[in-house]
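Worksheet for the structure shown next.
The values are calculated or read from the model by the stated rules, or taken from the named source; none is laboratory data. Everything quoted here is computed from the prediction, not taken from an experiment. Neighbour counts are summed over all protein chains in view; Cβ atoms, including those assigned to glycine, are modelled from backbone coordinates with ideal geometry. Calculation scope for accessible area: heavy atoms of the full protein, side chains included, ligands and nucleic acids excluded. Shrake-Rupley method; radii C 1.70, N 1.55, O 1.52, S 1.80 Å.
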Amino acid sequence: MDIIIGREKAAQPGQKAGRLKLTVNGKSACVGAFDSVNRYVSGEHCTLTINDDGSMLLKNLNMQNVTYVNGQQVNSKRVTFNDTIVLGGGNYVLPWEEIKKILPKQFDVRHLQKLYADYEEQIEKLDEEQSRRNKIKAVTGVLSTIAIAASLVLGAIGGGLDTTKLIILIPIYAIIIFANIYYALKDDIPKKKRELKKAFEDQCVCQCGYPLVYTSYKRIPSVCPGCKSQLIK
């Protein structure tokens with residue numbers, strides 16, 4: 001994020017001006033008293049670049065502009081909020097507290113990238129397990145068909161089902177019954193998905209509480225729709 005720092009100019013003759021002008025994303029705000037900034041400060045004197053990691057770079061926009069950091073004249077220098085910055089040839093000290101007030105709110109969401117990756121991986125594993133169970137259910141369906149057909153065939157041969165025939169059929173029916181009961185009791189994947197989704201949504205929020213749940217991490221917008229904070233990705 002770049003902040004253009006300079007002296008406010010009068011829009012027309014006779015109009016008061018001379019405050020500190022701060023421009024962020026094309027929107028300007030003026031702070032301080034009129035004529036508080038000396039005339040050695042140009043309309044666009046320098047830029048303050050604030051990086052995603054919080055580091056800041058101060059840079060003059062014109063070689064003729066004069067800027068001091070902790071008493072040393074600089075053209076470009078990394079600075080912190082603890083540094084004393086003087087603009088122009090006078091003694092105007094950059095008011096950090098005023099600058100902080102107009103800075104857009106920011107929220108670092110880079111921790112959500114791992115949250116998204118973990119959630120997607122867990123859902124994928126559950127889908128694979130569901131697919132495996134569906135295949136086994138399909139097999140038990142085939143076995144059921146075979147068992148019914150075998151009952152009919154064996155029943156027709158010899159006029160009924162004797163002990164020998166039952167010995168053949170009982171294991172097949174036992175496998176079918178066991179598989180159906182087991183997977184009926186183990187049909188917990190939908191519940192697990194709901195629990196994962198709820199835990200994911202509870203954690204995937206902006207600092208204002210607005211949900212940042214999208215189809216993927218890359219689709220998270222650069223600005224929170226709720227509080228309009230810039231989201232650092």
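Remarks
- Remark: spin-label model distance Gln106-Ala11 equals 3.1 nm, labels positioned 7 Å along the Cα→Cβ axis.
- Pairwise FRET efficiency - Lys198 versus Asn134, Cβ, R0 = 22 Å, nearest 0.05: 0.35
- In this structure Thr215 has an accessible area near 110 Å², from a 1.4 Å probe over the protein heavy atoms.
- When the surface is traced with a 1.4 Å probe over the full set of protein chains, Asp187 keeps roughly 80 Å² accessible.
- All-pairs Cα distance distribution in segment 1-142, expressed in whole percent, bin size 10 Å: 10, 31, 20, 9, 8, 7, 7, 5, 2, 0
- Nearest-0.05 FRET efficiency for Gln122 and Cys227, computed from C-beta distance (R0 41 Å): 0.90
- Cα-based reach from Lys135 at 17 Å (exclusive), listing lysines while leaving out same-chain residues under 8 positions away: Lys125, Lys186
- Per-residue accessible area (protein heavy atoms, 1.4 Å probe) orders Cys30, Cys46 as Cys30, Cys46, starting from the largest.
- Neighbour net charge for Ala10 - beta-carbon separation under 13 angstrom, K R +1, D E -1: +4
- Computed over neighbours whose Cβ is under 14 Å from that of Val24, the net charge equals +3, Lys and Arg +1, Asp and Glu -1.
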